[in-house]
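The values are calculated or read from the model by the stated rules, or taken from the named source; none is laboratory data. Note that the coordinates shown come from a computational prediction; the quantities given were computed from them, not determined experimentally. Cβ sites come from the backbone with ideal geometry, for glycine too, and all protein chains shown count toward neighbours. All accessible areas refer to the heavy atoms of the entire protein, side chains included, with ligands and DNA or RNA removed. Shrake-Rupley method; radii C 1.70, N 1.55, O 1.52, S 1.80 Å.
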Amino acid sequence: MAITSAICSSFKQELLQGKHDFDSSGGDTFKIALYQSDANLGAATTDYSTSEEITNTAGSAYTAGGAALTNSGVSLSSTTAFTDFSDVSYTSASFTANGAMIYNTTTDGGSNTTDAVAIIAFGSNKTATNGTFTIQFPTADASNAIIRLA
């Protein structure tokens, strides 16, 4: 099992079908879920799953399904379109995560969907023990944003 960073193949297809709305106002709702090292996530991932999702070992910092993301909207710089999200922090966290999945909970105007967008591999286990666990997204620009189309 492994977690491999990738934009999910199913997302690429769904994007061309017009199923994802990244507008910062009125767009779809995106979430980020955290996973243990035993998870099998990568380009072939199609949907959010609870399989190998982390659990909070103390306190209530993490709940199944992960955290809602704040979308920066869609921008264009020269020939590259991009979108990004605000950082997410879990305070009083006690857990270990090896990667994450960004997924859409409202694909194509629906609700309660779980369409995978991107997988983020952390490269190793990252642990918080009664501390703050932060997912820091890159700068929202054409060279660094988490989702870019060039």
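Computed values, structure above
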| read-out | value |
| --- | --- |
| Yes/no for residue 44 being of a type outside the set (Ser, Thr, Tyr), over 13 Å from the mean Cα position of the chain (by Cα) and surrounded by fewer than 16 Cβ atoms within 10 Å (Cβ to Cβ) | yes |
| Extreme residue, farthest from residue 123 (Cα to Cα), among residues of the range 48-59 that are in contact (Cβ under 8 Å) with a residue 40 or more places away in the chain and not polar (S, T, N, Q) | 59 |
| Check on residue 88, surrounded by 15 or more Cβ atoms within 10 Å (Cβ to Cβ) and in contact with a helix residue (DSSP H, G or I) (Cβ under 7 Å, 6 or more places away or on another chain) | no |
| Scan of the range 93-123 for residues that are among the polar types (S, T, N, Q) and open to solvent by 50 Å² or more (accessible area, probe 1.4 Å), ordered by number | 96, 111, 112 |
| Selection within the range 1-47 - basic (Lys, Arg) and either free of Cβ contacts under 8 Å to residues at least 40 places away in the same chain or part of a strand (DSSP E or B) (or both) | 12, 31 |
| Residue list for the range 48-72, filter: in a strand (DSSP E or B) and surrounded by 14 or more Cβ atoms within 10 Å (Cβ to Cβ) | 53, 67, 71, 72 |
| Only one of 91, 96, 105, 113 that is over 23 Å from residue 6 (Cβ atoms), at pLDDT below 95 and polar (S, T, N, Q) | 91 |
| Check on residue 83, of a type in the set (Ser, Thr, Tyr) and over 17 Å from the mean Cα position of the chain (by Cα) | no |
| Some residue of the range 14-31 being under 27 Å from residue 143 (Cβ atoms), buried (at least 18 other Cβ atoms within 10 Å of the Cβ) and of a type in the set (Gly, Ala, Ser) | no |
